Amino acid sequence: MSDQLTDLLALVNDIIQAAIVIFGVAVFLYNLRHSVRDRVTRAFNSLLFFVVIVFFSELLVTRAAVPLSAEVWIRLGWIGIAMVPAAQFHLADALLVTTGDVSRRRRILVRVWYTVGVVFFSMALFTDWLVTNLVPATYAPHLSTGQLFPVFALYFLIISLASISNVWKARQRCVTQTTRKRMTVILASFMSAPLAVFPYLTFSDDPDLQISPLFWLVVIIGNLT
């Protein structure tokens, strides 16, 4: 019974990921014409682009016929994983600016975090420092941790928390009830993004790993949010 439930939840997760990719690409393309003029839209499109890369690669990994193909797609997915924290911080800064809180320091940090993200995904693509051997777990093949993965995990956590804190500040600075409600929705998305994007399975190097239904439920809730 547990195996059947796991199979069902894994399928549901694949369907949700496919929907996120389709919807995400559509919104990204729709927003392109506005992103040149509007800083928030530009930052949102950046975040959306990297999130779509993560979900698209994960979707292809579950359908990969050979291990080598799965590893290639997982490593390419790190382009999104590594850049999501910087894109979150970028969007949080843009939202604060709309409330009148302009900071040169935050603007510089946006560039710094994007640079750090490029360094991390370059490691994931071309070296084994960040992630290494493929773990062919059923429904969720993934790479195991490299020597520098704890550094990335700490970076991901700190920047995600800083971004959430900045969105909270932006929400507190909202004057009208309508804008506060919109900021609350954005805040919920910011809190769920780390849950849906961070590669938690990387911590396990067991090829016979049995993923519980509870894990899939958590992932599905994060993806839906």
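The values are calculated or read from the model by the stated rules, or taken from the named source; none is laboratory data. Quantities reported herein were computed from a predicted structural model and do not represent experimental measurements. No Cβ is skipped: glycine too gets one built from the backbone with ideal geometry, and neighbour counts run over all protein chains shown. Keep in mind that these areas ignore ligands, DNA and RNA; they rest on the heavy atoms of the full protein, side chains included. Shrake-Rupley method; radii C 1.70, N 1.55, O 1.52, S 1.80 Å.
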Which listed residue is closer than 24 Å to PHE156 by Cβ, among the hydrophobic types (A, V, I, L, M, F, W, C) and in contact (Cβ under 8 Å) with a residue 60 or more places away in the chain, from ALA86, ALA10
ALA86
Looking only at the range 202-221, and only at residues there that are under 20 Å from LEU5 (Cα atoms) and polar (S, T, N, Q), the one that is modelled with the highest pLDDT:
SER212
For residues that are in a loop (DSSP other than H, G, I, E, B), open to solvent by less than 100 Å² (accessible area, probe 1.4 Å) and out of contact with any helix residue (DSSP H, G or I) (no Cβ under 7 Å at 6 or more places or on another chain), tally how many sit in the range 169-211.
5
Tabulated pairs, the range 175-186, first under 15 Å from LEU96 (Cα atoms), second part of a helix (DSSP H, G or I) and among the small types (Gly, Ala, Ser), C-beta under 7 angstrom, 6+ apart or interchain
MET183/ALA170
The correct count of residues that are on the phi < 0 side of the Ramachandran plot and assigned to a loop (DSSP other than H, G, I, E, B) in the range 109-145 is 9
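Rundown of residues vs (1) closer than 16 Å to VAL197 by Cα; (2) more than 20 Å from the chain's Cα centre (by Cα); (3) among the hydrophobic types (A, V, I, L, M, F, W, C); (4) at pLDDT below 90, yes/no style:
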{"site": "ILE53", "(1), (2), (3), (4)": "yes, no, yes, no"}
{"site": "LEU60", "(1), (2), (3), (4)": "yes, no, yes, yes"}
{"site": "ASP93", "(1), (2), (3), (4)": "no, no, no, no"}
{"site": "ARG104", "(1), (2), (3), (4)": "no, yes, no, no"}
{"site": "LEU109", "(1), (2), (3), (4)": "no, no, yes, no"}
{"site": "TRP113", "(1), (2), (3), (4)": "no, no, yes, no"}
{"site": "MET123", "(1), (2), (3), (4)": "no, no, yes, no"}
{"site": "VAL131", "(1), (2), (3), (4)": "yes, no, yes, no"}
{"site": "VAL135", "(1), (2), (3), (4)": "no, yes, yes, yes"}
Can THR127 be described as open to solvent by less than 40 Å² (accessible area, probe 1.4 Å) and in contact with a His (Cβ under 7 Å, 6 or more places away or on another chain)?
no
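Report the residue count in the range 146-156 for those that are open to solvent by less than 40 Å² (accessible area, probe 1.4 Å) and either among the charged types (D, E, K, R) or in a loop (DSSP other than H, G, I, E, B) (or both).
1
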One residue from PHE156, PHE152 being under 20 Å from ASN223 (Cα atoms), out of contact with any strand residue (DSSP E or B) (no Cβ under 8 Å at 6 or more places or on another chain) and of a type outside the set (D, E, K, R):
PHE156
